[in-house]
Structure formats: C-alpha cells, structure tokens
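Engineer: Below you will find the structure I want to go over with you.
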C-alpha cells in the first residue's frame, strides 16, 4: 500500500522547480488524512523526495524506507523506457502544444538525456532489468525520430533552415 501511495503522490508538484522535495512536503497533509503510521508517512515522504533523477538521494533511516525509496525511483525511471516515446511524450504534448518541428529539433537532446538514466537504477531488480528496458525505449525513440524527420521535413527546413 505504501508503494501505491508513493506512486500516486510522487509527481504531485511535477512541473515545478525541485518538484520532488516540494512534492514530499505537499504529500504530508494528504498522508495525515490516511491511516498510515508516523514511520510510514516518513518513508513515503522520503521516497517522494528521493525520486528525482541525477540528484544524490538522501539515505533513508530504515531498510523499509530505503527499499520503498529505491523502488519508487526505479518504477519512475522504468517509464523512461518504451513508454516515454510511445505514451509519455505525446501526453505531455497534448497538454501544451509545441510545433512538431520544435519537438523533432529537440529529440536528439531528449534521447541523450534518457540514455543517462540507464545506470542510475537503485534496486537489485532495477539494476538487473532497467538498462535493457531503457535501451529498448531508446531504440523506439530513434525509430520515431527518423520517421518524424522524414514526415515533417518541410516544416523542419522552414523552422530550422541551417539544421540540414
């Protein structure tokens, strides 16, 4: 149940600067209204605070809390695999329309950023399966990138004439 609560609340402040730390604080009052112990609340808040990529996590005070923190982090990063290019990107674009030429122009930078996540998995399961899962997503991303470059070649030339 704690993993589920952590997963539901972890991006409550997504889109804000330092969203993991802010989300941890924002989750507190919500957790106060639920039947969780003080220790469980601290574990959930700590896991949420620790789910930011490329930021050194805070060591949790208990094995239970550390396991929850590592599990939430890894689950969040598994979304950087195939889902990122088949679901997540398009859901984000639906909420804030961006010209397709801009998306395509920034695609290589996005692929590079995602490739950096491969070696950050924290749990044994994440380290076992995460890198390959991310690699699968990157291959899908490359295919989509090539398709979009061909499909929107005219728009790309108009918006980014020097990008050849």
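We did not get these values from a lab; they are worked out from the coordinates using the rules stated. Note that this is a predicted model, so its numbers are computed, not measured. Positions of Cβ are backbone-derived with ideal geometry, glycine not excepted, and every protein chain shown enters the neighbour counts.
Engineer: Could you work out how far helix 63-78 tilts from the main Cα principal axis of the chain, as a 0 to 90 degree angle to the nearest 10?
Structural biologist: 10
Engineer: Convex hull volume of the Cα atoms in segment 74-164, per residue, in Å³?
Structural biologist: Normalising the Cα hull of segment 74-164 by residue number yields 87 Å³.
Engineer: Of the labelled options (1) 17.4; (2) 15.8; (3) 16.8, which one gives Kirkwood radius over Cα pairs in Å as computed for this structure?
Structural biologist: Step by step, Kirkwood radius over Cα pairs in Å for this structure corresponds to label (1).
Engineer: Sticking with this structure for a sec: What is the P(r) of segment 2-73, as percent of Cα-Cα pairs per 5 Å bin from 0?
Structural biologist: So the P(r) values, bin by bin, are 3, 20, 33, 26, 14, 4, 0.
Engineer: If one takes the longest principal axis of the Cα atoms in the chain, at what angle in degrees, from 0 to 90 and to the nearest 10, does the Cα axis of helix 19-32 lie?
Structural biologist: Tilt of helix 19-32: around 40 degrees.
Engineer: Expected output is a single nm value to one decimal: the length gained when fully extending between residue 83 and residue 135, i.e. 0.36 nm times separation in residues minus the C-alpha distance. What is it?
Structural biologist: 17.5 nm
Engineer: Among 137, 15, 28, whose mean-square fluctuation peaks in a Gaussian network model of the chain (Cα, cutoff 10 Å)?
Structural biologist: 15
Engineer: If packing is taken as the average number of other Cβ atoms within 10 Å across a peptide's residues, how do 99-108, 44-53 rank, most packed first?
Structural biologist: For the peptides 99-108, 44-53, the packing ranking is 44-53, 99-108.
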